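The values are calculated or read from the model by the stated rules, or taken from the named source; none is laboratory data. This structure is a prediction, so every number in the text was calculated from the model and none was measured. Ideal geometry is used to build each Cβ from the backbone, glycine not excepted, and the neighbour counts take in all protein chains shown.
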């Protein structure tokens with residue numbers, strides 16, 4: 001636990017909408033010390049799961065919107081994060097331009113599947129829809145099988161992550177220059193802006209590259225080990241290290257040192273790498289990775305990570321009280337700034353009176 | 001014109017590849033003066049990945065590099081040489097932020113670690129973003145995106161139904177995730193400095209940043225000992241959900257029916273009123289059969305038409321846009337997401353625009369990625385305060401250069 005003052009000490013945040021993007025962005029803001037008030041009422045989308053509640057809502061104050069002047073609450077805040085559909089704010093009397101004109105320092109972050117404008121702005125999306133429309137899904141999964149959505153809710157978390165980073169950046173601008181802004185985050189654009197070399201290579205007229213599953217190249221792929229799965233990911237300059245780790249003279253001294261030969265004989269090379277990985281356990285492979293400085297990684301599960309001495313030593317974890325016991329979750333995303341670990345999950349509406357008292361001087 | 005939030009903030013950017021450059025791309029878009037620092041010998045190898053064919057200087061003409069390094073300045077200095085290091089420290093003393101994503105031991109070996117930087121500028125903010133951080137038993141592991149995805153637990157959550165094999169995302173997913181987090185760290189550290197006058201040292205571990213992207217899986221593991229279950233493209237929360245092939249080469253749509261009302265609308269589109277009364281439990285029990293119904297409907301349809309038909313009826317659906325089709329997507333085009341930013345070294349092509357749309361200040365991209373060493377003289381003189389003679393000496397000694405000395409290593 002950091003003793004340091006948190007960077008968002010005294011910053012007030014209203015979270016509205018209730019999906020993963022707003023909840024995750026506000027979760028990070030709460031951790032860095034903001035007073036986050038989540039306004040809840042008749043939900044529009046599917047509710048968060050119990051596990052998502054524990055991770056995303058712990059440490060936040062929860063307010064019921066029944067009979068509440070939400071507009072006054074928002075105008076008492078420094079940052080509003082929301083993920084309602086475009087127009088939802090305006091229909092509640094919270095039109096961004098209007099809020100901004102009443103409080104120029106206010107930062108409003110809106111996270112939606114497709115953004116506030118454009119022909120798809122009212123289209124519905126779940127995580128898989130956003131993941132597909134952002135382009136990452138076409139590249140994910142095995143070559144000869146269906147494209148595959150990544151696990152968890154990555155498209156929605158990406159939106160929340162960008163919403164969080166944009167919120168603190170715009171808030172800094174408000175602190176320095178007096179002016180906040182309204183930020184229109186599109187989940188589709190968050191993903192479409194991270195298509196690595198795949199987007200430019202097609203934009204310049206190259207062919208659409210197929211998804212390559214776990215094997216982009218033989219020396220860039222995931223292989224089975226004796227007791228799990230291991231990834232070997234060697235850049236051109238790291239191939240020699242990898243081959244020396246494998247210890248097969250046909251690799252270190254043979255034609256495979258030539259990158260073109262490797263490209264033309266992927267199956268032969270993969271067969272040798274299978275032989276290597278299948279003769280070791282994951283622990284042995286990680287020892288080799290450390291000794292040889294080769295980019296090798298093993299597929300760890302959350303349970304494995306929870307048992308990691310390295311992560312415990314670095315202080316990653318937060319512990320959250322729940323009725324089912326103590327949940328251990330990833331905490332501060334990086335050390336070096338004060339972090340306020342969430343202690344427990346508040347009950348819906350638990351903080352309504354206190355927030356009205358503190359933020360609105362007792363007047364609903 | 002309204003100021004962008006980071007105008008006036010100067011960043012010494014030692015990052016390479018993708019994670020760090022993605023972070024500083026975000027900072028540059030928000031108005032920061034980002035000075036990208038490379039060595040004549042150790043330069044950003046992305047510079048030669050996917051170059052414009054037939055050019056003499058591929059390190060100045062790579063599309064991938066261009067995409068993530070626009071609106072940055074290029075300073076070339078060999079930091080392993082004491083003269084280069086000294087010049088760097090003179091520049092760093094005039095920067096608010098230093099950011100690096102070297103392997104964990106490199107910054108200290110170059111003798112420009114946090115303590116050194118702090119003596120150059122007491123309130124400096126250092127953001128390091130090594131794969132596993134600079135402390136802890138795993139710090140010596142080498143890793144980038146796909147390694148991070150495996151070691152953070154994320155890959156263990158992905159896979160085809162009923163199969164053990166974990167799947168990595170098709171991009172180097174750990175990189176932009178760590179990059180976006182690093183950008184947030186810069187703003188938070190600047191807020192802290194504004195209030196306290198103190199700098200900060202952020203020891204971001206890319207693995208930890210990625211783990212935070214699936215916190216609910218850690219709740220399930222720690223509370224109930226649950227191991228990840230691979231469900232392919234389905235979810236245990238609603239049904240049907242899946243990916244379905246359409247007409248054309250490798251064209252697919254996704255459909256995700258959450259509510260009974262959406263299912264009713266979906267059945268109307270499918271022409272299967274007989275299935276409309278199935279509730280969630282029945283839809284889950286008969287998922288494979290419903291997949292077949294949707295697949296048969298989609299098979300001969302144009303994917304765009306299929307998506308629009310479903311969405312117009314109120315059913316969540318989308319195309320699995322590939323790297324070609326995504327450049328033609330009507331939504332992204334209407335929102336001017338793709339921009340043509342001229343680069344004299346490159347053909348005209350569609351590039352991704354600014355990530356964060358601040359509606360009022362409306363940040364736009366001004367300039368292509370810098371050519372190697374383009375701003376060396378300007379930065380050393382204007383920021384570092386070096387004289388012309390000092391700069392000439394650095395060129396003469398090969399401590400700086402306007403071309404990599406080893407262009408073949410990329």
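Assorted remarks:
- Filtering the stretch A:65-87 for residues that are at positive phi, away from chain B (no Cβ under 12 Å), in a loop (DSSP other than H, G, I, E, B) and touching a residue at least 60 places away in the same chain (Cβ under 8 Å) leaves a non-empty set.
- The residues of the stretch A:339-364 that are under 30 Å from residue B:128 (Cβ atoms) and in contact with a helix residue (DSSP H, G or I) (Cβ under 8 Å, 6 or more places away or on another chain), listed by number, are A:339, A:340, A:341, A:342.
- So residue B:79, is it more than 22 Å from residue B:142 (Cα to Cα) and at pLDDT 95 or above: no
- Residue that is surrounded by the most Cβ atoms within 10 Å (Cβ to Cβ) [pool: residues in the stretch A:88-126 that are facing chain B (nearest Cβ under 8 Å) and in a helix (DSSP H, G or I)]: A:96
- The residues on offer are B:53, B:5, B:40, and the sole one that is more than 14 Å from every other protein chain (Cβ to nearest Cβ) and in a loop (DSSP other than H, G, I, E, B) is B:40.
- Any hit, the stretch A:250-265, residues being at pLDDT 95 or above, in a helix (DSSP H, G or I) and closer than 27 Å to residue A:148 by Cα: no
- Hits in the stretch A:191-224 (condition: touching a strand residue (DSSP E or B) at 6+ places or on another chain (Cβ under 7 Å) and part of a loop (DSSP other than H, G, I, E, B)): A:193, A:214, A:219
- Residue A:328 falls short on exactly one of the conditions (1) in a helix (DSSP H, G or I); (2) surrounded by fewer than 24 Cβ atoms within 10 Å (Cβ to Cβ); (3) facing chain B (nearest Cβ under 7 Å), and that condition is (1).
- Selection count where residues are assigned to a loop (DSSP other than H, G, I, E, B), more than 9 Å from every other protein chain (Cβ to nearest Cβ) and in contact (Cβ under 8 Å) with a residue 60 or more places away in the chain, scope the stretch A:331-362: 12
- The residue that is surrounded by the most Cβ atoms within 10 Å (Cβ to Cβ), counting only those in the stretch B:133-176 that are more than 7 Å from chain A (Cβ to nearest Cβ) and within 23 Å of residue B:219 (Cβ to Cβ), is B:149.
- Residue among B:378, B:374, B:360, B:325 that is at pLDDT 95 or above, surrounded by fewer than 20 Cβ atoms within 10 Å (Cβ to Cβ), in contact with a helix residue (DSSP H, G or I) (Cβ under 9 Å, 6 or more places away or on another chain) and more than 12 Å from chain A (Cβ to nearest Cβ): B:374
- Selected residue [within 8 Å of another protein chain (Cβ to nearest Cβ), farther than 30 Å from residue B:181 by Cβ and out of contact with any strand residue (DSSP E or B) (no Cβ under 6 Å at 6 or more places or on another chain)] from B:289, B:250, B:208, B:216: B:250
- When the stretch A:289-302 is limited to residues that are surrounded by 19 or more Cβ atoms within 10 Å (Cβ to Cβ) and part of a helix (DSSP H, G or I), the one that is nearest to the other protein chains (Cβ to nearest Cβ) turns out to be A:302.
- Residue ID - farthest from residue B:154 (Cα to Cα), chosen from residues in the stretch A:221-236 that are surrounded by fewer than 18 Cβ atoms within 10 Å (Cβ to Cβ) and within 12 Å of chain B (Cβ to nearest Cβ): A:236
- Residue match in the stretch A:3-14 (condition: surrounded by 17 or more Cβ atoms within 10 Å (Cβ to Cβ) and within 28 Å of residue A:123 (Cα to Cα)): yes
- Residue match in the stretch A:155-174 (condition: within 30 Å of residue B:164 (Cβ to Cβ), within 7 Å of chain B (Cβ to nearest Cβ) and either modelled with pLDDT of 95 or more or surrounded by 24 or more Cβ atoms within 10 Å (Cβ to Cβ) (or both)): yes
- When each of B:187, B:200 is tested for being facing chain A (nearest Cβ under 7 Å), more than 30 Å from residue B:234 (Cα to Cα) and more than 21 Å from the chain's Cα centre (by Cα), the lone residue that passes is B:200.
- Conditions (1) under 32 Å from the mean Cα position of the chain (by Cα); (2) at pLDDT 95 or above; (3) over 20 Å from residue B:28 (Cα atoms): number failed by residue B:339: (3)
- Test: residue in the stretch A:184-207 that is closer than 30 Å to residue A:275 by Cα and at pLDDT 95 or above: no
- Residue under evaluation residue B:181, criteria (1) within 7 Å of another protein chain (Cβ to nearest Cβ); (2) within 24 Å of residue A:222 (Cβ to Cβ); (3) under 16 Å from the mean Cα position of the chain (by Cα), criterion not met: (2)
- The set of residues in the stretch A:191-210 that are more than 7 Å from chain B (Cβ to nearest Cβ) and in contact with a helix residue (DSSP H, G or I) (Cβ under 8 Å, 6 or more places away or on another chain) contains only A:191.
- For the stretch A:237-262, the set of residues classified as within 30 Å of residue B:154 (Cα to Cα), surrounded by 13 or more Cβ atoms within 10 Å (Cβ to Cβ) and free of Cβ contacts under 8 Å to residues at least 24 places away in the same chain consists of A:239, A:240, A:243, listed by residue number.
- Options B:322, B:300: the member that is assigned to a loop (DSSP other than H, G, I, E, B) and touching a residue at least 60 places away in the same chain (Cβ under 8 Å): B:322
- Looking only at the stretch A:158-190, residues that are within 23 Å of residue B:5 (Cβ to Cβ) and part of a helix (DSSP H, G or I) come to 23 in all.
- Selection count where residues are touching a strand residue (DSSP E or B) at 6+ places or on another chain (Cβ under 7 Å), surrounded by 22 or more Cβ atoms within 10 Å (Cβ to Cβ) and assigned to a helix (DSSP H, G or I), scope the stretch B:191-205: 1
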